[in-house]
1. Trp26: accessible area at probe 1.4 Å, nearest 10 Å²?
2. Note the full-extension length gain between Met273 and Phe40 as 0.36 nm times their separation in residues minus their Cα-Cα distance, in nm to one decimal.
3. Report, in degrees rounded to the nearest 10, the 0 to 90 angle that the Cα long axis of helix 329-339 makes with the longest principal axis of the chain.
4. Compute the acute angle (0 to 90°) between the alpha-carbon long axis of helix 309-325 and the principal axis of greatest extent of the alpha-carbon atoms of the chain; round to the nearest 10°.
5. Counting Lys and Arg as +1 and Asp and Glu as -1, each charge on the Cβ, what is the dipole of the range 77-168 about the Cα centre in debye, to the nearest 20?
6. So how do Tyr90, Tyr333 rank on accessible area, 1.4 Å probe, biggest first, that is with the largest at the start?
7. May I ask you to give the solvent-accessible area per residue for the chain, in square angstrom, as obtained with a 1.4 angstrom probe?
8. Between Asp116 and Trp350, what FRET efficiency follows from the Cβ-Cβ distance if R0 is 35 Å, with the result rounded to 0.05?
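The values are calculated or read from the model by the stated rules, or taken from the named source; none is laboratory data. Note that the coordinates shown come from a computational prediction; the quantities given were computed from them, not determined experimentally. With ideal geometry, Cβ positions are generated from the backbone for all residues, glycine too; neighbour counts draw on all protein chains shown. To get the accessible areas, we keep the full protein, side chains included, count just its heavy atoms, and leave off ligands, DNA and RNA. Shrake-Rupley method; radii C 1.70, N 1.55, O 1.52, S 1.80 Å.
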Amino acid sequence: MFEQGVIRPPSEASSLLLRVTRNCPWNRCHICPAYKGKKFSKRSVEEIKNDVDKMAKAYGPSGAQFTSAFLQDADTLILPTEELVEIISYLKMKFPRIERVTTYARAKSMKNKRVDDYHRLKEAGLSRIHTGMESGSSAVLKVIQKGIRPDDILLGGLRVVESGISLSEYIMPGVGGRHLSHEHAVETARILNQIRPDFIRVRTFALHPQSPIRKMVEAGTFELMTDEEVVTEIRLLLETLDEMPSHFRCGDFSLNLLMQVDGRLDRDKRTMMREIDRYLAMSKEQKQAYSLIHRSYPRTTPLEVVQDKEVVKKIIKDIEKLESQEEDGFNNYIRRLMSCQLPQLQNGCWD
């Protein structure tokens, strides 16, 4: 009856989903499988309004349940501001109980709009922008073929924050591999300290089996990191971040090993650091047992679960079996479990 995209942020689970563009205008990065094999296109205002009408008719009185809406797909801000204002205004007219409207955007599209554009969008009802910066390191951005530079991230982010629209910056620990880990953490923190977004959402890197990074791993030009190494990288990032009024979120994404590391930087930074240090202080066997438990049953897992020696003793047998099956067998198994949580390719092919 009406179009709908394939993904949305976890925080928009109960939002009305309105497809404004189709797929991703860049779609060449090595990390996101969601839109591969699909062409990008902009939808006309009339086409989008027609979908809103169909939604209003389909939901009927139950449409009153929606108090928030999310504009899909990957880069809504690529549309002209006047079109977005018209779309949001019409949406809120048809669904009058909607109080919050959010969207995805790429850094370049964010940079290409002026602060005045954001003021107009905010007045129309745009409440929050979700954007995947992934890294503040130009070297990492180049490796993953993100198609943006640190300056794009910084300028676009600063303009959104200045306008008063809420900003969620998504970062990806582990995506630079072992060689660029330190630079990835420090440079990402440097950019974030300047932008000071409302949310810093952590999205631990997981390798899709068909990603071009797989060939880089096989060629020896990219070294995948272990869970422990990624947590160490997150600690450096957190340590380098200012104590600012930004929410550092691990708890809304199950690929993050320590989902409990979640809080406001100006209030909870030390508590989050202590939780990371508790994990890093555990024995190798405890860390492996914790990884296997969390990756097998992804949810917020307390560290206390591996303080039980009997639990660890039982799991160690499984770990030893995995290690005996292939070189680096345990870590390879963990990576396969992680890849199962990624979005599926729409066409079954990365091209």
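1. Approximately 60 Å² for this residue.
2. 79.8 nm
3. So the inclination is approximately 10 degrees.
4. Helix 309-325 sits roughly 90 degrees off the main axis of the chain.
5. Values: 16 positive and 11 negative charges, 43 e Å.
That gives a dipole near 200 debye.
6. Order by accessible area, largest first: Tyr333, Tyr90.
7. 45 Å²
8. After rounding, the FRET efficiency stands at 0.35.
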